[in-house]
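Engineer: Right, I'll just put the structure down here and ask away after.
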Amino acid sequence: MQESTPAQQAEALRAEINEHNHRYYVLDAPVVSDAAYDKLMNSLIALEQAHPELITPESPTQRVGAQPVSALGSIRHAVPMRSLGNAFEEEDVQAFSKRVFDTLYGAGLARAEDQVQYMAELKFDGLAVSLRYEDGKLVQAATRGDGQTGEDITSNIRTLRSVPLKLKGDYPQVLEVRGEVLMNRRDFEKLNQAQQERGDKVFVNPRNAAAGSLRQLDPRITAKRPLRFYAYGWGEIRKVHDGQLEVFRQESGSPDMPRKTHAQMLDWLQALGLPVSDTRKLVCGAEGLLEYYRHIGETRSTLPFDIDGVVYKVDSLQAQEVLGYVARAPRFAVAHKFPAQEETTRLLSIEVQVGRTGAITPVARLEPVFVGGVTVTNATLHNEDEIRRKDVRVGDTVVVRRAGDVIPEVLAPVLDLRPPGTSLFVMPTECPVCGSAIERPEDEAVSRCTGGLFCAAQRKQSLSHAAGRKALDIDGLGEKLVEQLVDSGRVKSLADLFTLTSDELAAYERMGRKSADNLVAALDKARTPDLGRLLYALGIRHVGETTARDLALHFGSVEAVMAADEAALLQVHDVGMVVAASILNFFGEPHNREVITQLVEAGVHASAPEQASGSDLPLAGKTLVLTGTMPNWTRDEATRHILAAGGKVSGSVSRKTAYVVAGEEAGSKLTKAAELGVAVLDEDGLKALLGVG
Ligand code: IVH
């Protein structure tokens, strides 16, 4: 093999590193581990240290090169950065489609309204930026500012690994790329966690975190923030065409440009190495736009980042040109916004609620506010530390967030609007329901009522939990009835429920004979639950549905779970020290053992999970291990299918494991499988094995 020169080595390493960045950020399909990436990077750093003359500004080692500045400079945009008009209702979209069609029809560019093509995109909830590439090299980056002039954030943008320092392929002499800088929700949570641990400022939402990170005076700080970039448009483009310098601006779309549609432009940006979100779609007419809106609205929570709506753009560049601009917004595009998930309102008081396990949650009583599609009057403040950390006070105007079905929460006070005389929250020392002491174990964020099942609040919630759909599924045992049953002293434990008679029940408020009979029938049905459901119904701390099912699979009876010691419990899939301790603690409590005895006396008998047998079953005698998240099946569903096919599911990989089924973010089990040479399947592979589609 021929010896390569240091210059060639550096070039090869750079190409490889850039390719991995591109795979990670643009294609979303990394092929190497972080460690392997770091190794390449370290080799390049070492090589450049030995040969400083080889360093170029586009080298991936030079992302964090610049010195801190005392203020960000300003940059005038070659082509102004516009904003978008908003649509909120379906009618607004229909009106937009009609306006577009009328103009295009008049210009002979459209024949029917439902045939006008649009590019439908996500409306990223981040910060608009403009990146300027000259001769393929990133030379400048600016915020939107007032649309004419923005702030110079070149050094900061260079630290974003999703932004190429050098374009690939057929780039023009000048290219201004417009897009959004944002932070993924998961990265945001991690950042806030770290900020909090260090005692640094925490951010209200990913958008603010992105803004704060991007406008740093010291690029070394930006470099540590997990920012991402998505391109959605362009500003100035100049290229030599037939030996002539050609200036191409959005307003003056040159008909000679090789690309005639927005879709083609985005594909081109992607081909140049820029990240463009795949969640974009060419659609036709108002119906197509609204279908995209509804689809994105439904799947919004599965996106890794926040969006605040979708954007529709007429696809044909010629049509865009004809439609033109009004004031600062294009007539060819519109933002269709989702109902806001964050609003501000006044915090009237802070009360505490006692949860099923005694956890005390401070709850904000709010002036009613319409947010996330509903009117919100209460929002959680999580715990005492959170209130301190956010510095939320009674009387404050606060930012409230409600996303999807998630419980509304108070994010932060609006300090500029703080009136005089606000008061701090003080955690009560006694439970407002039962008067027992409230204690907060050291190292824990949560305060708890120590009353246990003596506390009516805890008793009520334990009963409601046990009656829930995922537990014993007792139809007709609503919150109001539970309240009455507990307050009257008739029901003290789960077992007492099963001794209720129809006559008794009929005497309670809002209970007729019929509902009483129905409830007794529902209770009867609940006497023979799956073991997993019964274990879940007991409400053992840290034992969720899945763990309960795993325990049921492993032990086969309540008695066996009760008899298990720590070592036995740790054998169970996903049961660690904390869960094991909690189970031991629960069954160590004489009162809880008593309830189990009473349940048996009341005729409650759980059935062990079925495992199919028969040597002709596809997985007979085989043990599988599940790890990571599968795209379609939950772990439970996969388990059920495996059991039905005669297989077993285990929590740990050994030489006896027939297959490891690995989903996304599979961890050490996958490594172990590789070490032991155990076959690895994905969800499709498992389905093929089971013979199901
Ligand atoms: S196009 C000429 N596309 O929304 C039109 N904007 O008010 C320029 N935004 O500040 C904007 N996602 O930061 C466009 N897919 C998208 C977008 C998008 C988010 C933001 C952008 C701008 C604001 C428009």
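Engineer: Of everything in the range 271-287, what is surrounded by fewer than 20 Cβ atoms within 10 Å (Cβ to Cβ), part of a helix (DSSP H, G or I) and modelled with pLDDT of 95 or more? Give them in sequence order.
Structural biologist: Once the filter is applied, which keeps residues that are surrounded by fewer than 20 Cβ atoms within 10 Å (Cβ to Cβ), part of a helix (DSSP H, G or I) and modelled with pLDDT of 95 or more, the range 271-287 yields GLY285, GLU287.
Engineer: Let me ask you something else. Consider ARG393 against the criteria (1) away from the ligand (no atom under 16 Å from the Cβ); (2) open to solvent by 20 Å² or more (accessible area, probe 1.4 Å); (3) at pLDDT below 95: it satisfies all of them except one. Which criterion is unmet?
Structural biologist: (3)
Engineer: What number of residues within the range 1-27 are of a type in the set (Val, Ile, Thr) and open to solvent by 40 Å² or more (accessible area, probe 1.4 Å)?
Structural biologist: Of the residues in the range 1-27, 1 are of a type in the set (Val, Ile, Thr) and open to solvent by 40 Å² or more (accessible area, probe 1.4 Å).
Engineer: So which pairs qualify, if the first residue must be in the range 306-317 and in a strand (DSSP E or B), the second must be within 8 Å of the ligand (Cβ to nearest atom) and of a type in the set (Ser, Thr, Tyr), the Cβ gap must be under 8 Å, and the two must be at least 6 apart or on different chains?
Structural biologist: VAL311/TYR232
Engineer: Can you tell me which residue in the range 63-121 is most open to solvent (accessible area, probe 1.4 Å), limited to those that are of a type in the set (Ser, Thr, Tyr) and within 16 Å of the ligand (Cβ to nearest atom)?
Structural biologist: SER83
To keep it simple, each residue is scored yes or no on (1) within 16 Å of ARG549 (Cβ to Cβ); (2) at pLDDT below 90; (3) open to solvent by less than 80 Å² (accessible area, probe 1.4 Å).
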| position | (1), (2), (3) |
| --- | --- |
| ASP574 | yes, yes, no |
| PHE586 | no, no, yes |
| ARG593 | no, no, no |
| GLU601 | no, no, no |
| ALA606 | yes, no, yes |
| PRO618 | no, yes, yes |
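Engineer: Look at GLY253 and say whether it is modelled with pLDDT of 95 or more and either touching a helix residue (DSSP H, G or I) at 6+ places or on another chain (Cβ under 9 Å) or surrounded by 21 or more Cβ atoms within 10 Å (Cβ to Cβ) (or both).
Structural biologist: On the way: modelled with pLDDT of 95 or more: no; either touching a helix residue (DSSP H, G or I) at 6+ places or on another chain (Cβ under 9 Å) or surrounded by 21 or more Cβ atoms within 10 Å (Cβ to Cβ) (or both): yes.
Answer is no for this residue.
Engineer: Could you please find all residues in the range 512-547 being out of contact with any Gly (no Cβ under 6 Å at 6 or more places or on another chain), surrounded by fewer than 20 Cβ atoms within 10 Å (Cβ to Cβ) and of a type in the set (A, V, I, L, M, F, W, C)?
Structural biologist: Within the range 512-547, VAL520, ALA521 meet the criteria.
Engineer: Would you confirm, using the coordinates I've provided, whether GLU342 is away from the ligand (no atom under 15 Å from the Cβ), of a type outside the set (Phe, Trp, Tyr) and out of contact with any Pro (no Cβ under 7 Å at 6 or more places or on another chain)? Break it down stepwise before answering.
Structural biologist: Working: away from the ligand (no atom under 15 Å from the Cβ): yes; of a type outside the set (Phe, Trp, Tyr): yes; out of contact with any Pro (no Cβ under 7 Å at 6 or more places or on another chain): yes.
Here the answer is yes, as GLU342 does meet what is asked.
Engineer: Something else now. Across the range 91-109, what is the total count of residues that are under 33 Å from the mean Cα position of the chain (by Cα) and among the charged types (D, E, K, R)?
Structural biologist: Of the residues in the range 91-109, 2 are under 33 Å from the mean Cα position of the chain (by Cα) and among the charged types (D, E, K, R).
Engineer: Next up: Examine the range 28-37 for a residue that is at pLDDT 90 or above, in a helix (DSSP H, G or I), touching a helix residue (DSSP H, G or I) at 6+ places or on another chain (Cβ under 8 Å) and open to solvent by 50 Å² or more (accessible area, probe 1.4 Å), and state whether such a residue exists.
Structural biologist: No: zero hits.
Engineer: Can you give me the number of residues within the range 622-637 that are closer than 13 Å to ALA666 by Cβ and either exposed (fewer than 14 other Cβ atoms within 10 Å of the Cβ) or modelled with pLDDT of 85 or more (or both)?
Structural biologist: Quick first cut of the range 622-637, residues closer than 13 Å to ALA666 by Cβ only: 625-631, 635.
Adding the requirement that they be either exposed (fewer than 14 other Cβ atoms within 10 Å of the Cβ) or modelled with pLDDT of 85 or more (or both) leaves 625-631.
Total meeting the criteria: 7.
Engineer: Can you run down the residue pairs with Cβ atoms below 8 Å, 6 or more apart or on separate chains, where the first is in the range 256-269 and closer than 15 Å to GLN117 by Cβ and outside any helix (DSSP H, G or I) and the partner is at pLDDT 85 or above and among the β-branched types (Val, Ile, Thr)?
Structural biologist: none
Engineer: Just for the range 312-331: of the residues that are β-branched (Val, Ile, Thr) and within 13 Å of the ligand (Cβ to nearest atom), which one is modelled with the highest pLDDT?
Structural biologist: For the range 312-331, the residue satisfying everything is VAL314.
Engineer: Considering each residue of the range 50-75, count those that are in a helix (DSSP H, G or I), without any contact (Cβ under 8 Å) to a residue 24 or more places away in the chain and closer than 20 Å to ARG220 by Cα, and give that number. Talk me through it step by step, then tell me what you get.
Structural biologist: Initial filter on the range 50-75 (in a helix (DSSP H, G or I)): 50, 52-54, 60-62.
Subset that is without any contact (Cβ under 8 Å) to a residue 24 or more places away in the chain: 52-53, 61.
Remaining after also requiring closer than 20 Å to ARG220 by Cα: 61.
Within the range 50-75, residues that are in a helix (DSSP H, G or I), without any contact (Cβ under 8 Å) to a residue 24 or more places away in the chain and closer than 20 Å to ARG220 by Cα number 1.
Engineer: Right, next: Filter the range 123-148 for residues that are within 10 Å of the ligand (Cβ to nearest atom), open to solvent by less than 10 Å² (accessible area, probe 1.4 Å) and either free of Cβ contacts under 8 Å to residues at least 24 places away in the same chain or under 25 Å from LYS168 (Cα atoms) (or both) and give the result.
Structural biologist: Across the range 123-148, the qualifying residue is only VAL129.
The values are calculated or read from the model by the stated rules, or taken from the named source; none is laboratory data. Everything quoted here is computed from the prediction, not taken from an experiment. Here the Cβ is made from the backbone with ideal geometry for all residues, glycine too, and neighbour counts use every protein chain on show. In case anyone asks, the SASA skips ligands and DNA or RNA and just uses the protein heavy atoms, side chains included. Shrake-Rupley method; radii C 1.70, N 1.55, O 1.52, S 1.80 Å.
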